[in-house]
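The block underneath contains the structure these notes are about, expressed in structure tokens.
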Amino acid sequence: MSFLINALASVFVFSIVIFIHEFGHFIVAKKSGIKVNEFSIGMGPRLFSKKKGETDYSIRALPIGGFVAMEGEDEESDAEGSFSKAPVANRIAVVVAG
């Protein structure tokens, strides 16, 4: 029983650390005018998802990480608010904020 409690406590603490880290990226991106498509805690299939404004907030099945998916982060995008079109100082701030 002690092992289970320790394991659950570890997952909980790890999730809080992930949330704080990803929230740093998220808040600086939003303040910089970069469009955030998704803010997620966990990886794998979605367990819960809620769309508010332009951002989809989700909790996923595997508590092993998280991510902030920004418009134009992985591919070139001409959309307004794209990470790839943001000034270099804003992109650096978003990356460092985590």
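The values are calculated or read from the model by the stated rules, or taken from the named source; none is laboratory data. Please read these numbers as outputs of a predicted model, since none were measured by experiment. No Cβ is skipped: glycine too gets one built from the backbone with ideal geometry, and neighbour counts run over all protein chains shown. Side chains are part of the model used for accessible areas, which takes the heavy atoms of the whole protein and leaves out ligands, DNA and RNA. Shrake-Rupley method; radii C 1.70, N 1.55, O 1.52, S 1.80 Å.
What the table shows:
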| quantity | calculated |
| --- | --- |
| Accessible surface of the chain, 1.4 Å probe, proportion on carbon and sulfur as whole % | 67 |
| Per residue solvent-accessible surface (Å²) - the chain, probe of 1.4 Å | 64 |
| 19 Å Cα-Cα reach of LYS52 towards aspartates and glutamates, excluding residues that sit fewer than 8 places from it in its own chain | GLU22, GLU38, GLU71, GLU80 |
| For GLY72, net neighbour charge (Lys/Arg +1, Asp/Glu -1) across residues whose Cβ lies under 13 Å away | -4 |
| The chain: relative contact order as a whole-number percent, Cα under 8 Å and 6+ apart | 29 |
| Mean projected area (nm²) of the alpha-carbon convex hull when the chain is viewed from all directions | 6.8 |
| For GLU38, distant residues with modelled amide H under 5 Å away | ASP56, ALA69 |
| Long-range HN-HN contacts of GLY66 with modeled amide H, under 5 Å | GLY42 |
| Rounded tilt (10° steps) of 2-31 against the dominant C-alpha axis of the chain | 10 |
| ³J(HN,Hα), Karplus 6.51/-1.76/1.60, whole Hz, each residue of the range 46-61, x for Gly, Pro | 6, 9, 8, 8, 9, 9, 9, x, 8, 10, 9, 9, 9, 10, 10, 5 |
| 10 Å Cβ shell holding at most 16 others, DSSP loop, GluC sites (Glu not before Pro): longest site-free stretch of the chain | 1-53 |
| ALA97 long-range amide H proximity, modeled H, under 5 Å | none |
| Extended-chain gain in nm, criterion 0.36 nm per residue less alpha-carbon gap, HIS21 and PHE3 | 3.8 nm |
